[in-house]
Amino acid sequence: MITNEVKQARFSENFKYIINSDGQRVELHDSGIVHILTIGMSPYSSAIISNLYQKNNLKCRIIGGADTLTLQYAKNFCSGRECLPCAAITGATIKDILNNREKDEISIYYNLDQDGPCQNGAWPLVWETFARRINFKNVIFCAQPTARNNFLGLGIKFVVALTFAIIMGDLLDEAENTIKCIGHGKDEILRKFEIETDLLIENIKDGVWAIKPALKNWAEKMSQMPCMGTIKEIPKVLIFGGLNVIFLHNPITNFFIEQGIIPKVVDFTEGASWIASEHVMRYGLMRGWITPEKQFNLILIFLSYLFRKENRKEALSAIKSRVALAVVDLYKRRYRKIMKKSGLLFDRHISFPRIVREGHKYVSFNGYSETPVTTGRYICSIKAGVFDGLINLGSFNCQPAMNSQAIIRPLANRSSIPYVSIDCEGPWISTNQRKLLEVVAVQARRVCEDKLSKTFQFLLF
């Protein structure tokens, strides 16, 4: 029982300033405010984001990730029924408060704040409870920079730059995993890769307009690296399964790298696109549009905004979200095209609306969970023919992840591409799960060899 419960800090109703625990007004760009990102992401994205906050004279800490120590911290507050992402974020938050937080700072901890059937729909209420139990002054939980909260005072340009940082992280992670498998003299090559990539991150400090020339220079330097073979000769596997994957994939990624098989972890931007698509889907349902083809049709949304008087606010939100998704797809495609000249990228860009359309054929997108996204990613990956094996990875108590496994299983039985679904309790795998991955590794090599053989026969005849 808390006897001296402190008053929680909060944003003003119009999100123009913060009211601290003493009831005083604090401007959003006050030097005492610290933005803390609690969801683990690519180290390259983290480095770019840190530079971005620093350039804008904002304080930032990036604390996300899942490991044994973090989950131990979570045990003090979680019951065990929460999904792994919730537990990992809770543990990282408590760990940061106890070890990193300055006494007088106003801490804004980023998290998801939305509705839906996923457990994250209850997170705002969960964090209300945690806030009372933690009982620290000037701590704000469950914040997320969006249009409805004035982007936490960061501005739309800043949030766009955050998105570009995530895109860059996805592409650089793919390149790093590739060079770990095909680099000749791996330690020396990795050192050169790190040097050139650090230089790339430094060069794009000046903003979005500096990215393109910096990427061209990086791609040219990478193309000169000595390799043991081409990407086509090396088996490749996709590790997918929604936002769960960022908390779980490390042991599986490391396993395949040890096997000389290139692992591709599903892009973080895919999960971010799913979050951004909420307004598109919900406005579509208001209008009676029940298919993604209509919901993601920007012209249809725009005409509805122009000629209908009701729900104009929701229509405008849908337009902004749809435009944001289009911009993400545009720049993912553009940056991939530039970086592909390095010889280190191999995946094909697939737009988010297409992923949703494919998944909706088997499970409705209108429920607004990640199940149709994961299903659509599987179908699109099979059709693209890039990967020699597919790993559907999820947290064991994530209902959307488990639903996707049930839907994909009969589809996988009809495909010749090796597939396995794995549900984990944390960022570790069991002996039996490792055996499953070993089977996929053997089968992926066989599939890759068959592709090369057919290509050779086609060229020969």
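Give me the extension gain from residue 6 to residue 55: residue separation times 0.36 nm, minus the current Cα-Cα distance, reported in nm with one decimal. Please list the in-between numbers first.
Values: separation 49, 0.36 × 49 = 17.64 nm, distance 3.37 nm.
Going from the current span to full extension adds 14.3 nm.
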Given labels modelled 7 Å from the Cα in the Cβ direction, how far is it in nm from residue 364 to residue 223?
5.0 nm
With θ set to phi - 60°, apply the Karplus curve 6.51 cos²θ - 1.76 cosθ + 1.60 along segment 11-27 and write out the HN-Hα couplings as whole Hz, x wherever there is a Gly or Pro.
7, 5, 4, 9, 6, 8, 7, 10, 9, 6, 5, 8, x, 8, 7, 10, 5
Starting from the Cα of residue 95, draw a straight line to each of the lysines and keep only those under 17 Å, dropping any in the same chain fewer than 8 residues away.
75, 103, 137
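Strictly over 22 Å apart at the Cα level, which of 232/383; 59/205; 232/264; 157/192; 264/451; 180/212 would you flag in this model? Kindly include the intermediate steps, with their values, before the conclusion.
Values: 232/383 17 Å; 59/205 16 Å; 232/264 14 Å; 157/192 33 Å; 264/451 19 Å; 180/212 25 Å.
Violating the 22 Å Cα-Cα cut-off are 157/192; 180/212.
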Residue 216 paired with residue 135, simple spin-label distance in nm, labels 7 Å along Cα-to-beta-carbon
6.1 nm
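Given a cut-off of under 8 Å on Cα pairs at least six residues apart, what relative contact order in percent is computed for the chain?
Working: 721 pairs, mean separation 71.5, N = 461.
It comes to 16 percent, rounded to a whole number.
Any idea what the dipole of the chain comes to, in debye rounded to 20, about its Cα centre with Lys/Arg Cβ at +1 and Asp/Glu Cβ at -1?
Values: 58 positive and 44 negative charges, 270 e Å.
So the dipole magnitude of the chain works out to roughly 1300 debye.
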Which one, 9, 35, 72, projects farthest toward the positive side of the charge dipole computed for segment 1-116 from Cβ point charges (K/R +1, D/E -1)?
72
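For residue 79 and residue 333 in the same chain, what is the full-extension length gain: residue separation times 0.36 nm, less their Cα-Cα distance, in nm? Please report the intermediate quantities before stating the final value.
Numbers: separation 254, 0.36 × 254 = 91.44 nm, distance 4.22 nm.
Going from the current span to full extension adds 87.2 nm.
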Each residue of segment 256-271 in order: what ³J(HN,Hα) in whole Hz does its phi give by Karplus 6.51 cos²θ - 1.76 cosθ + 1.60, θ = phi - 60°, with x for Gly and Pro?
5, 4, 4, 7, x, 10, 7, x, 10, 8, 3, 4, 4, 5, 5, x
Answer rounded, prolate or oblate for segment 158-460, using the Cα gyration tensor with square roots of eigenvalues a ≥ b ≥ c: rounded when a/c is under 1.5, else prolate when a/b is larger than b/c, else oblate.
oblate
Per DSSP H run of n ≥ 4, the term is -39500 (n - 2.57); total these for the chain, divide by its residue number, and report the mean residue ellipticity at 222 nm rounded to 500 deg cm²/dmol.
-17000 deg cm²/dmol
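Work out, step by step, the length gained on full extension between residue 205 and residue 99: first 0.36 nm times the residue separation, then minus their alpha carbon distance; give nm to one decimal. List each step's numbers first, then the result.
Details: separation 106, 0.36 × 106 = 38.16 nm, distance 2.92 nm.
Computed gain between residue 205 and residue 99 is 35.2 nm.
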With label points set 7 Å from each Cα along the Cα-to-Cβ direction at residue 348 and residue 298, the distance between them in nm comes to 2.3 nm
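We did not get these values from a lab; they are worked out from the coordinates using the rules stated. Keep in mind the model is a prediction, meaning the values are calculated, not measured. Methodologically, a virtual Cβ is constructed for each residue, glycine included, from the backbone with ideal geometry; neighbour enumeration extends over all protein chains shown.
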